[in-house]
Each structure stands twice: as C-alpha cells, then as structure tokens.
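Structure, as structure tokens:
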Amino acid sequence: MSAGSYIAIIGAGPAGLIAAEYLASQGYAVHVFERMPTPGRKFLMAGRGGLNLTHSEARARFDGRYREAAGWLQPYLDAFTPADLRAWADGLEAETFIGSSGRVFPKAMKASPLLRAWRARLEGLGVAFHLRHRWMGWDGGALIFESGAGAVLRVEPSATLLALGGASWPRLGSDAAWVPWLQDAGVDIATFQASNCGVEIAWSEHLRTRFAGIPLKTIGLRLGDETVKGEAMIADYGLEGGAVYALSAPTRAALEDGEAELQLDLRPNQSVEQLAARLSRARAGQSLPNLLKKTLKLSPQAAALVFESGDVPREPEALARRIKAIALNVRAQRGLDRAISSSGGIRRDALSDALMLKARPGVFAAGEMLDWDAPTGGYLLQATFATGMAAARGIETWLSAAAR
C-alpha cells in the first residue's frame with residue numbers, strides 16, 4: 001500500500017474495532033490489520049463465559065475496580081460509559097440484560113452473533129480488513145507487515161492506532177511481540193504480568209485427586225484488608241475462579257513481598273457466633289465429618305478443606321473460626337499463557353491525554369496495551385472499549401488539526 005489519506009489500525013480486538021467503527025462513521029478511510037485469520041479471537045473466547053460486557057454497579061464503585069489506574073481512566077469511562085456500551089450492543093441486536101450479580105450480558109450469552117453483526121456493520125462503513133498480517137515494527141515512518149509466505153507490506157498511513165492487546169492467552173493473538181519496537185522508539189513500558197489467573201496451592205494428595213474440578217459455591221476470600229465474595233473452583237494445581245481473580249492484584253503484590261496467604265471463608269453470610277451456636281446445639285458424639293455435613297451442611301469439598309489446615313478443633317467457637325478462616329498458602333500465580341488478562345503495558349506518562357504516544361506523534365494506543373488492570377466482571381471489556389473510543393477521537397482531533 002502506498003502512502004495515503006487513511007488510518008491504519010493494528011489489532012482487530014474490541015479496542016481496534018470500536019475505533020474503526022467510529023472513525024469510519026466520521027468519513028475516514030480505515031484499514032484494520034490483524035495477525036490472526038479472523039477478527040476478535042479473544043472476544044470470542046470471552047463469549048464462552050456468557051460475554052460479560054460491563055457492570056451495572058454505581059460508578060464510584062465501578063471506577064474503583066481499576067485501582068491505581070482509576071484516576072486516569074475515569075475521563076475515558078465518562079466519555080464511553082457502561083450505558084453507552086449497552087446501547088451500542090443493543091444497536092447490533094444483541095439486546096443486553098442485567099444478571100443477578102449486576103453483570104451485563106447479551107441475551108444470546110455468547111459473542112459470535114454480536115461479532116458477526118459488528119463485522120457486517122464495519123464492512124458496510126467501508127472498513128478494509130487485512131487478515132494474517134503480522135506487524136513487524138517500523139522502517140522509518142512506514143509500518144512493516146509480514147503477510148505470509150515471506151511477503152512484506154509497507155504501509156504509510158496518515159495516523160496509526162495500536163490495539164494489539166496485552167500478553168495473556170498469546171495463542172489468541174496478544175503475545176506482546178510489539179514491546180521491543182516501542183521500547184526502541186523510547187516508549188516506557190511496564191513489564192507484563194498475569195492477572196485474573198489461578199493461584200498455586202500445595203494441596204494434599206487426597207484433596208487434589210478427589211476434588212479437582214469441583215466448584216466452591218458462595219465463599220469469601222480475604223487477603224490483608226481486602227475481602228471478596230463469590231465462587232471458586234478447586235484445580236489440581238490450586239484454586240481458580242471469580243473470587244480468586246478479584247484478588248489478583250493484591251496477591252501479586254504480596255508474592256512480590258515474599259508470601260501470600262488467602263483466608264477462605266466457607267460461610268461468608270454467617271458469623272462465627274452463629275456457626276458456634278449451631279455447633280453447640282449439635283447432637284453429642286457425632287464425628288467431625290458428620291458434624292460438618294449434617295449440622296453445617298458443608299459440601300464434601302468444603303469439608304475436605306476444613307481438614308486441609310491440620311488438626312481440626314472440636315470446640316464450637318474454635319471450629320467456627322476455622323470454617324471462617326482457612327489459611328491457604330499461595331506459592332505462585334499461574335502464567336500469562338492461561339491468564340484471562342495481564343497487568344503492565346504502555347505507561348500513562350508515555351501517552352498524551354488523547355492516548356497518542358509522546359515519542360511517536362501520529363501513533364495512538366488503546367486497550368490492554370496500556371498499563372491498567374481490572375478484575376473480571378465487565379471491567380476489562382468496558383475499559384478496552386472506552387480507551388478504543390478515546391483513541392479514535394484523539395486521532396480525529398489530531399488529523400483535523402494537521403489539516404488546518
């Protein structure tokens with residue numbers, strides 16, 4: 001492709017595609033380059049869990065989910081809110097609803113119908129897709145792509161959006177291969193680390209072989225001053241699931257400091273005093289397994305966890321305290337290859353307010369390439385869409401100024 005008046009977007013995930021839609025709707029010629037055979041591979045993977053698009057909770061609580069990045073992300077979330085994301089999905093006939101947890105899903109509970117409708121809209125707007133094109137960095141001012149069979153394509157757009165994703169699930173396209181090229185250009189990048197991932201715990205052989213793959217319903221997890229309620233899944237390597245993912249950031253920080261101990265609460269909706277009272281009224285002479293099963297109605301996997309921490313006390317209050325705070329020593333977090341998302345990426349100080357790289361004028365970035373982190377629950381996709389829209393508007397403003 002020769003130099004011309006068009007915009008190149010590298011990466012066909014949600015950030016890149018929403019930017020392409022906005023810019024094409026404003027009359028710009030847009031070319032989307034994607035290394036995979038089809039767009040939205042990771043988006044489709046998210047759809048296997050129902051495609052949790054966003055969350056309906058109050059904005060102050062919502063914004064706080066982004067932790068250290070909440071302050072600088074807020075203007076972008078204000079400009080493309082959870083309500084805006086729902087309206088966009090509804091406009092693609094993927095009517096959304098709010099689940100009992102407050103999470104927002106399309107009624108189809110999968111990504112493929114929405115993605116098909118979205119691609120049809122983009123093609124109707126004139127967006128050109130270049131699939132199986134791997135970005136290989138720059139040659140001067142030109143973008144270089146490898147397009148298969150050793151072919152090399154030079155592209156010289158009027159503006160570029162990088163929307164290449166972070167470093168999690170690399171087989172779906174986000175392998176962070178772009179990091180050296182941006183570092184060579186002087187862009188400061190925080191090291192990628194796994195987020196929203198399982199944790200490794202040294203289970204006993206009995207628990208590992210008997211209960212791996214079995215869920216833990218309605219539990220609480222605590223690490224330091226942070227507590228979450230939710231569900232988890234026993235894995236042969238440790239523990240995974242929403243409640244574990246919500247504590248990814250503090251778990252990572254604790255491991256960096258030396259050790260991380262999760263406190264597992266098997267009855268988060270009951271106090272120690274309530275549990276102790278029930279245990280005190282139990283029939284005398286019951287075995288501990290029967291006490292846990294019949295008096296407290298613990299599932300077999302929950303009861304097994306009570307025994308995982310060593311000798312189990314019989315005194316009612318001591319047993320109640322064990323049930324409310326089972327110590328789980330975390331050895332490590334699982335790696336990037338199976339993490340749902342990643343922390344790290346292009347640091348905020350390397351970007352203008354319009355999400356343009358300060359070291360490379362005319363080049364913008366959005367999505368999981370940026371240094372922010374969030375738990376599952378709709379927060380990941382919301383910020384990905386919001387930063388994609390912000391970068392698109394930044395490109396529009398930059399091109400308008402350049403034309404004057």
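The values are calculated or read from the model by the stated rules, or taken from the named source; none is laboratory data. Note that the coordinates shown come from a computational prediction; the quantities given were computed from them, not determined experimentally. With ideal geometry, Cβ positions are generated from the backbone for all residues, glycine too; neighbour counts draw on all protein chains shown.
Structure data summary
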item: Search result, residues across the stretch 177-208 that are within 10 Å of residue 345 (Cα to Cα) and of a type in the set (Gly, Ala, Ser); result: 190
item: Lone qualifier among 349, 353 - being assigned by TED's automatic domain parsing to the domain that holds residue 383, assigned to a helix (DSSP H, G or I) and at pLDDT 95 or above; result: 349
item: Single match in 327, 391 (criterion: modelled with pLDDT of 95 or more, crowded, with 24+ Cβ neighbours inside 10 Å and outside any loop (DSSP other than H, G, I, E, B)); result: 391
item: All positions within the stretch 218-240 that are buried (at least 22 other Cβ atoms within 10 Å of the Cβ) and free of Cβ contacts under 8 Å to residues at least 12 places away in the same chain; result: none
item: Failed criterion for residue 70 (all others in (1) closer than 15 Å to residue 107 by Cα; (2) surrounded by 15 or more Cβ atoms within 10 Å (Cβ to Cβ) hold); result: (1)
item: Close pairs from the stretch 269-289: first at positive phi and in a loop (DSSP other than H, G, I, E, B), partner surrounded by 15 or more Cβ atoms within 10 Å (Cβ to Cβ) and modelled with pLDDT under 85, Cβ under 8 Å, at least 6 apart; result: none
item: Qualifying residue in the stretch 330-343 (condition: in a helix (DSSP H, G or I) and touching a residue at least 40 places away in the same chain (Cβ under 8 Å)); result: no
item: Qualifying residue in the stretch 111-128 (condition: buried (at least 20 other Cβ atoms within 10 Å of the Cβ), under 24 Å from residue 21 (Cβ atoms) and over 22 Å from the mean Cα position of the chain (by Cα)); result: yes
item: Top-ranked residue of the stretch 279-318 - restricted to ones that are among the hydroxyl-bearing types (Ser, Thr, Tyr) and surrounded by 15 or more Cβ atoms within 10 Å (Cβ to Cβ), ranked as modelled with the lowest pLDDT; result: 295
item: Residues of the stretch 196-205 that turn out to be surrounded by 15 or more Cβ atoms within 10 Å (Cβ to Cβ) and over 21 Å from residue 256 (Cβ atoms), as a count; result: 1
item: Residue, farthest from residue 195 (Cα to Cα), within the stretch 234-249, restricted to residues that are in contact with a helix residue (DSSP H, G or I) (Cβ under 9 Å, 6 or more places away or on another chain) and assigned to a helix (DSSP H, G or I); result: 244
item: Listing of helices (runs of 4 or more DSSP H) fully contained in the stretch 9-106 that carry 3 or more residues being within 24 Å of residue 127 (Cβ to Cβ) and over 15 Å from the mean Cα position of the chain (by Cα); result: 14-25, 82-91
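Listed here are the residues, each with its yes/no results for (1) free of Cβ contacts under 8 Å to residues at least 60 places away in the same chain; (2) crowded, with 22+ Cβ neighbours inside 10 Å.
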position	(1), (2)
177	yes, no
189	no, no
194	no, yes
207	no, no
214	no, no
242	no, no
247	yes, yes
256	yes, no
